[in-house]
Ligand code: SAM
């Protein structure tokens, strides 16, 4: 039988550290969080493969390297307050919750959100708050955030998410004119009105559907 703890450590060494992920907080959190608990029943043996996996509703749990890249880029530190848009399986929120003080996570598909909520409870995460709804509007009552991570690609960075960043806060989001291929951007709020943008490279995410994302009329697979 596959030793999943061993596979998890190998994943961190081979897929993350060897590809340039250096943040020890990220590496340790991903050594710690059992990704096999966040995949569909029957997919556990594939949990540490180098790619995304289906989680139902036409959605995916992201490739481990992409999760690490986004969290490292967002510079999440102990004590930070983080917003995670697109809970999906809950895996990225769980990894961030191992590092940050508090994670607020929003998922538009109720069934996915409720499954993620049960996983957080089962694994004892008490610093994650989950809401079902449109994450492009952010979570105004909990703002400002030190970091906002968006795990779905939109046409541009939602203004409401930028407005909910603290000064010095970072938004990491895939954006682009097509629904399934994007540039991964890191946007840092340097003052009340100024934002700096860095392009972290090409990525492929499922579409961000919502008021400040793509419209509801997506292909059936969304
Ligand atoms: N971070 C997730 C994980 O660790 O499993 C992967 C997320 S998956 C690639 C993207 C998720 O974003 C999907 O579950 C999708 O339903 C969700 N999504 C898309 N648009 C959204 C929106 N406006 N608000 C909240 N969730 C959204």
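No value in this document is a laboratory result; all are computed from the given coordinates. As the structure is a prediction and not an experimental result, all values here were calculated from the model. Positions of Cβ are backbone-derived with ideal geometry, glycine not excepted, and every protein chain shown enters the neighbour counts.
Counting pairs of alpha carbon atoms under 8 Å apart in space and at least six apart in sequence, what relative contact order in percent does segment 38-159 give?
It comes to 26 percent, rounded to a whole number.
Could you give the nm distance between label points at residue 2 and residue 43, where each point is 7 Å from its Cα heading toward the beta carbon?
According to this spin-label approximation, the distance is 1.2 nm.
In which sequence would 162, 96, 11 go, from the one with the fewest C-beta neighbours within 10 Å to the one with the most?
Sorted ascending by nearby Cβ count, the order is 162, 11, 96.
If one takes the longest principal axis of the Cα atoms in the chain, at what angle in degrees, from 0 to 90 and to the nearest 10, does the Cα axis of helix 110-123 lie?
Approximately 60 degrees, to the nearest ten.
If each residue's Cβ is checked for other Cβ atoms within 10 Å, how do 109, 180 rank with the fewest at the top?
Ranked by crowding around the Cβ, least crowded first: 180, 109.
If you count the DSSP beta bridges with both ends in segment 1-123, what percent of them are antiparallel, to the nearest 5?
The answer is about 40 percent antiparallel.
Quick one: grab the alpha carbon gyration tensor of segment 37-148, order the square roots of its eigenvalues as a ≥ b ≥ c, and give me rounded if a/c is under 1.5, else prolate or oblate depending on whether a/b is larger than b/c.
Here segment 37-148 falls in the prolate category.
What is the calculated FRET efficiency for residue 110 to residue 204, with r their C-beta to C-beta distance and R₀ = 22 Å, to the nearest 0.05?
0.30
If I model a spin label as a point 7 Å beyond the Cα along the Cα-Cβ vector, how far apart are those points for residue 18 and residue 190 in nm?
Between residue 18 and residue 190, the simple spin-label model gives 3.8 nm.
Can you give me the angle between helix 64-73 and the longest principal axis of the chain, using Cα atoms only, in degrees from 0 to 90, rounded to the nearest 10?
Result, in degrees: 40.
For segment 86-136, just say rounded, prolate or oblate: build the C-alpha gyration tensor, square-root its eigenvalues into a ≥ b ≥ c, call rounded for a/c under 1.5, and beyond that prolate if a/b exceeds b/c, oblate if not.
Since a/c reaches 1.5 but b/c is at least a/b, the shape of segment 86-136 is classed as oblate.
Would you mind telling me which residue in 78, 174, 157 has the biggest mean-square fluctuation in a Gaussian network model of the chain, where springs connect alpha carbons within a distance under 10 angstrom?
Comparing 78, 174, 157 in a Gaussian network model of the chain, the most mobile one is 78.
What share of the DSSP beta bridges in segment 83-183 is antiparallel, in percent to the nearest 5?
That works out to approximately 5 percent antiparallel.
Need the full-extension length gain, residue 183 to residue 197, defined as separation in residues times 0.36 nm minus the C-alpha distance. One decimal, nm.
3.9 nm
Only counting other Cβ atoms within 10 Å, I'd like 150, 39 sorted with the fewest neighbours first.
39, 150
Pop a pseudo-label 7 angstrom from the Cα along the beta-carbon direction at both residue 28 and residue 159 and give the gap in nm to one decimal.
For the pair residue 28/residue 159, the computed spacing is 4.1 nm.
Semi-axes of the equivalent ellipsoid for the chain, please: Cα gyration tensor eigenvalues, times 5, square-rooted, ordered largest first, whole Å.
For the chain, the semi-axes come out at 25, 20, 17 Å.
Pull up the DSSP beta bridges for the chain and report the antiparallel fraction as a percent, rounded to 5.
Within the chain, antiparallel bridges account for around 45 percent of the total.
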